[in-house]
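Report on the following structure.
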Amino acid sequence: LHPKDLKTAQSLPSWTCSDENVTNQIEEAIRNLNDTTTTATASFSADTIKEIQTRLPLIVRYNCLSVETSPELFIHPNINQGGHVNLSGTALYYQPSFFNHSPSKKPNVVRYAIGNIMFFVVGCSFEESVLPDEELCISYIEHETLMESTERVTALLDMDFQQQGQEEEDDADVSKHQDEKNGTNENDNKHDNDDDQGDNDDDDDECDDDGPNYPIIDDDIQQELMNMIPTERLKDITELLQQSTTSSNNWFKCDTHRLKILLALTHDGLGQFDKALSCWKECVDFAETYFPFLDENCIAIYVQYALCARALSLSSMTTTTAETTEDNNMALAKKYANLALKKHSLLYGGGVLRFRKRYEQELALQLRKEEEEDENNSKRKKTNSKSWMMVASSKKIKWSHCYE
């Protein structure tokens, strides 16, 4: 595994894990290498032990992967509501370590975990397959940040990447520098042009440097916003959205996306389903434009878009809205419910039954405002979360008519 030898390891920055428990495990493993009484290390030479001691921390640093069960679900961090935050961590797998980071904005392999078991799924679209001899690549960072500039992606990766052939280029640079010292350089004009180009590149980098190095709307800020009273949250999210879309601030694109999700949830909670549906549509467009085809977050957004369309359809039964609008919203709910199921089946398998099992707690979340029964209108229906729970936990009842 990278770094493959002592020379490579010594060329990389030293590293200590910020997690004290992991650091202690690595240090203990290194100390045990010096114990010549054990069978495992008795045959190791002093040079081999030195190499392992240098490489081992860096092997962990450059090859470990995040391990999260159902991270796309909105219930993920909430253990009391069946969340999976206690199944989140970091692990080092041998064979998956050979996957390269995708040079494309949309890698052709996605991964997910169930407990400590990692799955890798290949897929480009519903119709297309990976071409023969095409390299299979994953993303080392969150998919929602892949569309950012090269400088930002590189900073987020924090992998000290060296391009293929970089060592030869470095050697050539040393030789060129020596020639220049000896007065034998014949490409002065070329270097002048390169310097000019370099100045332009610096300007581009400077533009990126004006913005934050990491997304602003992180988990802590999202949690803080969701703990606010909905009306106050609505005001704060609106102000943050204005900041995120101001070009001079140069925020990450995913900041706006995350705020749109929170805005959609807030409108849902206030019973403003028409506004919520518009926000969810923007979230769907963002996911379909920027995420890899089989990204699990697309599925979760499809589900919420479908549920919102259904809620809007049911709520319109008590208004003067034309029946065709009601039918259109229910048709929209069915369309995206089936899209969610189709992608879910490609990624996780198991059809409707597995989808229902994985989304049982998700569908039980109280994300939408409850409607009271109208004594003067028998057609008025509740759109509360209890109906989602009933549908999700029953094998006989279809998901609110959304699945054929």
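Over 29 Å apart at the Cα level, from the set Lys105/Lys357; Lys275/Lys342; Lys105/Lys275, are Lys105/Lys357; Lys105/Lys275.
How many angstrom separate the Cα center of segment 263-292 from the Cα center of segment 134-158? Cα centres, segment 263-292 to segment 134-158: 25 Å.
Per residue, the convex hull spanned by the Cα atoms of segment 1-62 amounts to 80 cubic angstrom. Each Lys and Arg Cβ is given +1 and each Asp and Glu Cβ -1; about its Cα centre, segment 211-328 then shows a dipole of about 180 debye. Are there GluC sites (Glu not before Pro) in segment 88-153 that DSSP puts in a loop and that have at most 16 other Cβ atoms within 10 Å, and which ones? Passing both the DSSP loop test and the Cβ count: Glu127, Glu128, Glu134, Glu135, Glu142. How would segment 219-366 be classified by its alpha-carbon gyration tensor: rounded, prolate or oblate, with rounded meaning a/c under 1.5 and the a/b versus b/c comparison settling the rest? In terms of gyration-tensor shape, oblate. For segment 219-366, the relative contact order is 15 percent, taking Cα pairs closer than 8 Å that sit 6 or more residues apart in sequence and dividing their mean separation by the residue count.
When you restrict to C-alpha pairs under 8 Å that are six or more residues apart and normalise by the size of segment 1-62, the relative contact order lands at 57 percent.
Every number in this text was worked out from the coordinates using simple rules, so none of it is lab data. Keep in mind that this is a model prediction, so the values were computed, not measured. All Cβ positions, glycine included, derive from the backbone under ideal geometry; neighbour counts span all protein chains shown.
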